[in-house]
Amino acid sequence: MVSNQNAAPVPVATEANLREQVQQRLRLGIVSGEIGPGTILSVPALARTLGISTTPVREALLQLSADGLLQPLRNRGFCVVEPTLEELRNLFEVRLQLETSAFVKLVRSGLNDVSQLTAHADDIARAVRAGDIQLYLAADRAFHRELLSRAGNAVLTGIVMRLRDTMRLYGISSAAGLARQEESVPEHYRIIDMLRQGGEPEAAAALMHKHIMDWEPIFSEVLRDADGGQLR
């Protein structure tokens, strides 16, 4: 048998990569409501379902627990934490302040290279056309991470991304949620245009306010209905 020494090596999935994949998959399921509050996630059961070892699964669940999405249960696994309207509104308030500040700063200074942002905006538009919510969430996250990183404050970027990753997006697949996804497509391109062409700080702040806060009533309504109409 002849050995082909020039053949490209076959990539091997490391436990770190598997952990990230499991974490991202579960995070999207939890924040979108696909994995509902009260669901118990077992390390052995998840490992069997995914066909991987228990180590990356356990590490992924521990990280999601540290992020506040899961609560460890002694000898049972991890339970998906039930969010509250107050927590959701607090997240929106902090996100609005930080992301608006970063965007206004960028608009004032201007941004010549918007190619990566445009690529992410194109992915968002493609996801909406295909009705692919998971792709929409991933592309939207990538867009805002790139946008925030351009402000040059790694601490701010890290804080906002953690807030985004723990925000429950219940209702994103509802009729209102799908309509809001479609409305957000031109908003991403307007954000890019304002970065490239400049604009008034007040207009930049108004655009980011609409872009973020138009989601709030959609998510809040689902949480309110789930709680019998009571604010918690």
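The values are calculated or read from the model by the stated rules, or taken from the named source; none is laboratory data. Treat the numbers as computed from the prediction; the structure is a model and nothing was measured. All Cβ positions, even for glycine, are placed from backbone atoms using ideal geometry, and neighbour counts span all protein chains on display.
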Can you confirm whether region 37-48 contains a residue that is closer than 22 Å to TRP215 by Cα and not assigned by TED's automatic domain parsing to the domain that holds MET208?
yes
Among all residue pairs at least 6 apart or on different chains, which show Cβ distances below 7 Å where the first residue, located in region 190-211, is touching a residue at least 24 places away in the same chain (Cβ under 8 Å) and the second is exposed (fewer than 13 other Cβ atoms within 10 Å of the Cβ) and outside any loop (DSSP other than H, G, I, E, B)?
PRO201/ARG108
Six or more apart or on different chains, Cβ atoms under 7 Å: show the pairs whose first residue is in region 61-75 and in the same structural domain as THR39 (by TED's automatic domain parsing) and without any contact (Cβ under 8 Å) to a residue 12 or more places away in the chain and whose second is surrounded by 12 or more Cβ atoms within 10 Å (Cβ to Cβ) and of a type in the set (S, T, N, Q).
GLN71/SER65; PRO72/SER65
If you take just the helices (runs of 4 or more DSSP H) that sit entirely in region 92-185, which of them hold at least 2 residues that are surrounded by 18 or more Cβ atoms within 10 Å (Cβ to Cβ), among the β-branched types (Val, Ile, Thr) and assigned by TED's automatic domain parsing to the domain that holds VAL222?
115-130, 154-166
Which pairs turn up if I take residues in region 103-115 that are among the charged types (D, E, K, R) and look for partners that are surrounded by 12 or more Cβ atoms within 10 Å (Cβ to Cβ) with beta carbon separation below 7 Å, at least 6 apart in sequence or on another chain?
LYS105/ALA151; ARG108/PRO201
Kindly list the number of the only condition in (1) surrounded by 15 or more Cβ atoms within 10 Å (Cβ to Cβ); (2) part of a helix (DSSP H, G or I) that fails for ASN17.
(1)
